[in-house]
Amino acid sequence: MRMLLIEDNESLADSIRVYFRNLGHPIDWIGSVEKAEASLSFDYFDLLILDINLPGKSGFQLLQSLRSKGNRIPVLVLTARTEVDDRVSALDFGADDYLAKPFDFRELAARCRALYRRERGGASNEIQCGNLVYDLAAHSAKVNNVTLDLRPRELQLLELFLKNLDRVLTKDDISNRLYSYDEAYTPNAIEQTLTRLRKQLDGSTLIIKTIRGLGYLAHVDD
Amino acid sequence: MSMTEKSYSIRSRMLGRSALLLLSIFLILSLGVWHYARQSANYSYDRLLNSASLSIMEGLHVYDKQVDLDLPYAAFEMMQLADEDKVFYQALGTQGELITGYPDMPLPNELNEDSAIAFYNAHYLSEEVRVVIRHKRLSEPVVSGWVTVVLAQTLRARHKMMNEILYRSFAVLFGIMACVMIVLWVAINRALEPLSSISKSLASHSLLSAEPIRPTPIQEVSPLVSAINDYQAQLLSNLAVMKRFIADASHQIRTAQSATQAQLDIASQSENLADLPEHLSKIRQEHERLTRLTNQLLTHAMVVHRGDTVVTEQMDIEDVMKKLLTECVRDNAHRMIDFSYQCEQQLPLFMGDSISLREAVRNLLDNAIYYGPEENQIEICLQMDASCIDIIIDDAGSGIPIEWREKALERFQRLENGLNGSGLGLSIVTSVAEAHGGKFFLEDSPLGGLRARICLPKERTLC
Amino acid sequence: MLKRMSFLLISLIMIASKVIAETPTLPTVWEADRLTIYSATDLKAIFPVLEAFKTQNPNIKLEYREFNTQELDRAIRAKPLEDQPDVVISSAMDLQVRLVNDGYAQPVLGEAVIGLPSWANWRNEVIGFTYEPIVFVYNKLAFQGKAVPLTHESLASTMRIEDSFFAHKVGSYDARRSGIGYLVATQDEVTSSISGRLQESLGRARTKVYGQTASLLDDIATGELIFGYNLLGSYSFAREKRDNRIGVVIPQDYALVVSRAAFISKQAKHVSNAQRFVNFLISKEGQGVIAKKSELVALFPDIDDLVSQQDTQDQTINFHPIPLGPALMVYLDDSKRRRFIKAWENALLSINEDQ
């Protein structure tokens, strides 16, 4: 995962670089939008970490010009907490996620991975979430390289969650995807399927949370 | 206070309008005076003319079978009272024949025999004249019929008298007007004096000094003085609150900073590398606390600022709460917390500030997570009754004892439960609730912990 | 252009001569150097005044015509408007007042007019410029050793008592023919309560009546008459200076004062000259000339002189100037005049009808 960090605070940028290098991700650092525009035009990056408040052109301007050129590179926006409105506008301007300063580096890394996964999900046959690897072609899941014993419905459900990480899925959402019209099902059936899946996933980094009254949410805790 | 309105002086405006009013009164009175002067001049000299004509009439008598006139000297002496006026006269006999005098005197258009006397104006020998015509019936054995005396006088004395009355009246009127103007000027100045004295005392007086403006004995002005004093008192109390806030905030920030500093110092001095993780974890703890404090201070400032200035917008409370809860679940997925959401009925759109409302509820959720036990249960529950929409956050934590709840809503009042907190979170929620015209309550939760309830007024919903 | 220039010139001259409103025709401008005076005053008496005015205004050609008072009145009334003289002077104040009343005059302008006593000015249109007391004149020889009557009262009683002394020897004006005679006679009636008695006394003395002051004075000087009643002071004083046979008495109880009245004709062709002349008459210089050189008596400085002249009379004299004003017109009323003349004739002339 090759990343480009656009951040004007040198000390923060340095820390982030050290942190990601330690994790084994190559990361380039640039201090201003003007320079970033140049390197983005001839270099390829998997992910952009973009500070909004920059000297000269703002992060928004870069984001806007990227999107208007049709560049779909995933962008994670870093924003100061005071500018609460920023996160709204950041998403409006085409950012994929945001993180308010100050942040936990572990959180930053997790968000980056999530974005990368979402991006790669369509392209590759494998979805990797921490120690869980799901093979889309073979319809099999492995935790720490041990293949899980999953029934087809459980596999379907796992795939649905993996494709909708960090999003709330209602029971209706799930039943619509898992069952065809003629199949009879009960909400209980989904509960049972989920309970078995959770048991199988024990020890993996994927957590499936139940929000009563709302639905289910899958999150990779790596 | 639009800028287009030109500035003006009450004093000159009042004076100007009074002057205008006085001027119109002056004009009306002048018209009256003119009329009066004319009337009285005419009246006086008509009387003179009348007496003289009467005296001439008495000089008419029958002599030798003919009507003859013995023109009385007294009549002319009387006429000479108007000493600059010419006199014309004529006496006509019973057949209308000229007895004596000017033969071609102007007669009135219609001779009215019924009234013994008539006055009229005419033109004679290139002079404007006032004429009196008088009839008398003679009934002597030899001559009987009406005899006539016509007497005319030029108008110089009348004009003179009229002018004299006019000049005098104008002088008096003018004097009165001048006096009234002076009195008005003094009165207006006196009336405006309290205004300038207040502005003087305001100018020399700092609003931030604790001393109020001296009360005035003038009844009309005392509301202004007390309004200013109220305003000042309010400003002072706000200022005091702000001062205390800044003092508290800086105390909190500096305490956290010193703690971090201390841990850093200890860590750097420590020779035992094995101790380092422990120091680092303490530093991280202090830093987390500082971060949280900073976030809350800024949120507080933002919320207060938005409450003062931001125009409300249409918002879907359910949508905001669902998103918030999703975010919260995602961020706390690794914790053993059960989240739930409950909304029995469709809520109408609400006029409010979604950003500050979201901040408030996020604070409540954060509190529930932060202060709650490892295995907790947190529920967002939206309810609507006749008067308000309730946003309820329940938790299964230890709660706040009833006697501390009121205190917990105050800024920087941290409860002695051993956990670190800024003491700002609940006060932010209170501010937001109040900015929306609602209220914030701490209650017992059916889950066993604390129930935080934001009650938003239903009037602000769109139906 | 030339036309406009000449028009401008004419306008300027008109303004200069203060005749804008009154000027009826343009020729006035070209005759600006003339002044016509119609007067009921002996040229001899007024000549020094005219001469003084002439010296001051050498450019003005004076045209002076003398009338007797009633002729003058008739002449003015008979003349067409365009032939009116510029200034009219007469001692018959009543006739002058009536002319002014009938609109024959225009106001006299100038500051001197304001200074005139009120009785000598009516409407600023007619002004009196002399001060001529009505006096008794006597033959000094006849009255040698005899007391000259000093009051009307004493005259009436003296004539009554010394019937024969006065018989056929008293003269006065003919009220029917002399304008000044009529004025004085009627003013006597207005002013005095004893005028009836005096007239009766005059009648009993078979008073002779005259039309002219000069012939009256002549007869007194020669002794044909011994006493003249109600004579014009101006001529009498002048004669007294030249002729020591006669004496003049200013009556002490009251002395009527006639003032020669002048007005500027409304139709005057030479208004500025007329204004100048009338103003000269009442100016200091004019009054000075009247006082010192003419036979007339001036308004201002002469009253003291008059009083000092009468050094025999140490009593103050009750001067009674006849005021200019409409009251003077009363006796000009036709029926009033008929009545008065009839009464006057009855009183004065009935006894010597045989004459």
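Derivation of every value follows stated rules applied to the coordinates shown; laboratory data play no part. Everything numeric here is computed off the predicted structure, so don't read it as measured data. FYI the Cβ positions are ideal-geometry reconstructions off the backbone, even for glycines, and counts take in every protein chain you see.
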> Given only helices, namely DSSP H runs of n ≥ 4 each adding -39500 (n - 2.57), what is the per-residue ellipticity at 222 nm of the protein assembly as shown, to the nearest 500 deg cm²/dmol?
Replying inline: -15500 deg cm²/dmol
> What aspartates and glutamates could a cross-link reach from residue A:142, if we take a straight Cα to Cα line under 15 Å and drop same-chain neighbours fewer than 8 places away?
Replying inline: A:126, A:154, A:159, A:202
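How about the range B:1-57: which chymotrypsin sites (Phe, Trp or Tyr not before Pro) there lie in a loop by DSSP and see at most 11 other Cβ atoms within 10 Å?
Values: sites: B:8, B:26, B:34, B:36, B:43, B:45; in loops: B:8.
Answer by residue number: B:8.
What is the Cα radius of gyration of the range A:3-121 over 2.2 N^0.38 Å, N being its residue count?
Normalised Cα radius of gyration, the range A:3-121: 0.96.
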> Any idea how far the Cα center of the range C:145-184 sits from the one of the range B:180-229, in Å?
Replying inline: 96
>> Helix A:59-68 against the longest principal axis of chain A: what's the angle in degrees, Cα atoms only, rounded to the nearest 10?
In response: 60
>> Rounded to whole Å, give me the distance from the Cα center of the range B:343-379 to that of the range C:323-343.
In response: 127
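Taking DSSP loops as anything outside H, G, I, E and B, show the longest stretch in chain C free of GluC sites (Glu not before Pro) there with at most 15 other beta carbons within 10 Å. Show your work: numbers first, answer last.
Numbers: sites that count: C:31, C:162, C:224, C:353.
That gives C:32-161 as the longest site-free run.
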>> Suppose the Debye formula is applied to equal point scatterers at every Cα of chain B; what is log10 I(q)/I(0) at q = 0.07, 0.08, 0.10 Å⁻¹?
In response: -0.65, -0.74, -0.93
> Across every pair of different alpha-carbon atoms, what Kirkwood hydrodynamic radius in Å does the range B:310-462 reach?
Replying inline: 15.6
> Where in chain B are the helices, taken as whole DSSP H runs, whose Cα atoms extend 20 angstrom or more along the long axis and whose Kyte-Doolittle mean reaches at least -0.5?
Replying inline: B:10-58, B:156-203, B:222-269, B:317-331, B:354-371
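Quick one: of A:35/A:163; C:44/C:140; C:61/C:284; A:209/B:439; B:323/B:439; A:209/B:282, which pairs are farther than 29 Å apart, Cα to Cα?
On the way: A:35/A:163 35 Å; C:44/C:140 26 Å; C:61/C:284 23 Å; A:209/B:439 32 Å; B:323/B:439 23 Å; A:209/B:282 31 Å.
Too far apart for the 29 Å limit: A:35/A:163; A:209/B:439; A:209/B:282.
How many percent of DSSP beta bridges within chain B run antiparallel, rounded to 5? Could the numbers behind the result be given before it?
Values: 57 of 64 bridges.
Given both bridge residues lie in chain B, the antiparallel proportion sits at roughly 90 percent.
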>> P(r) for the range B:185-332, please, calculated from all Cα pair distances in 5 Å bins and given in %.
In response: 2, 7, 9, 10, 9, 9, 9, 9, 8, 7, 6, 5, 4, 3, 2, 1, 0, 0, 0
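Looking at chain A, identify the longest residue range that excludes and avoids all chymotrypsin sites (Phe, Trp or Tyr not before Pro) in DSSP loops having at most 10 other Cβ atoms within 10 Å. The partial results should precede the final answer.
On the way: sites that count: A:44, A:181.
The answer is A:45-180.
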